[in-house]
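Readers should treat all values here as calculations from the given coordinates under stated rules, not as data from a laboratory. It should be emphasised that the depicted structure is a prediction, and the values quoted were computed from it without experimental measurement. Positions of Cβ are generated from backbone atoms using ideal geometry, with glycine treated the same way; all protein chains shown enter the neighbour counts.
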Amino acid sequence: MVNRTHVDWPSLQLTSLQLTSPELTSLELISLEWPLFARVLLLLTLSAVPINALGQAAGPASGLPVPRYVSLKVDKVNVRKGPSREHEVNWVFTRAGLPVEVTAEFENWRRIRDAEGSEGWVFHSLLSGRRTVLISPWSKSQTFALHERPDLAAPISAQLQPGVLGTVRGCNGRWCRIFGDGFDGFIEQERLWGVYPNEAVQ
């Protein structure tokens, strides 16, 4: 549903729209029937939203960056078609700690994407800010070396299979230190799903 508020201008009428649906994008707010100066004014207003170095804007509900990576807080998380309990459940996550990417916010709901690219809506309290990663889930059979130091020449402390879940201790944009069940060490950041390229994680 879109609420319309009409403002009368001399010799023209400008229609401003208020978003009440998470499906609409900012570009859909701009009617080609608007006067040119009005379209330019709205674009300037939208472009004033702060964007950080990773291209993330502040989420309208939380004020946190969107998109961003988080993890599942509990073992059972219902993923719904839309941002309410009335929407049908698409699927259910059954493992706490899995990394997911928040791609949109609507009130207390977050649209998330998993490592396979599937998207749906979950209630915000089911998500945690704890950073976790999956080891190269797009690979099939190759193993990946975990090093004792952030250096390819450093001794290897473990070989990890694709899809192994790890918790992030920190990343510097090129290397991440991660740990999990029986391992702790450094791995190239590009091998991980759950952190962005060049992202620093403290």
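Taking a ≥ b ≥ c as the square roots of the eigenvalues of the Cα gyration tensor of the stretch 133-201, is the shape rounded (a/c under 1.5), prolate (a/b larger than b/c) or oblate?
rounded
Length gain on complete extension for the stretch ASP75 to ARG149, per 0.36 nm per residue less the alpha carbon to alpha carbon distance?
Gain on stretching ASP75 to ARG149: 23.4 nm.
Tell me, in nm to one decimal, what length is gained between ILE156 and SER141 on full extension, where the rule is 0.36 nm per residue of separation less the Cα-Cα distance? Numbers along the way, then the final one.
Numbers: separation 15, 0.36 × 15 = 5.40 nm, distance 1.87 nm.
Computed gain between ILE156 and SER141 is 3.5 nm.
Between SER128 and GLU86, what is the label-to-label distance in nm when each label sits 7 Å out along the Cα-to-Cβ direction?
For the pair SER128/GLU86, the computed spacing is 3.3 nm.
Normalized C-alpha radius of gyration of the stretch 151-190, against 2.2 N^0.38 Å?
Expressed relative to 2.2 N^0.38 Å, the Cα Rg reads 1.09.
Give me GLU199, GLU86 sorted ascending by neighbouring Cβ count inside 10 Å, so fewest comes first.
So the ranking, lowest neighbour count to highest, is GLU86, GLU199.
Starting with the fewest neighbours, write out LEU152, LEU192 ranked by other beta-carbon atoms found within 10 Å of each beta-carbon.
LEU152, LEU192
Nearest 20 debye, what's the magnitude of the dipole of the stretch 57-130 about its Cα centre given +1 on Lys and Arg Cβ and -1 on Asp and Glu Cβ? Before the final figure, lay out the partial values.
Working: 11 positive and 9 negative charges, 39 e Å.
Using Cβ point charges on Lys, Arg, Asp and Glu, the stretch 57-130 gives about 180 debye.
Using the 2.2 N^0.38 Å rule of thumb for compact globular proteins, work out how the stretch 57-130 stacks up: its C-alpha Rg over that value, please.
Compactness ratio reported: 0.98.
How would LYS73, LYS81, LYS140 line up from fewest to most surrounding beta-carbon atoms within 10 angstrom?
LYS140, LYS81, LYS73
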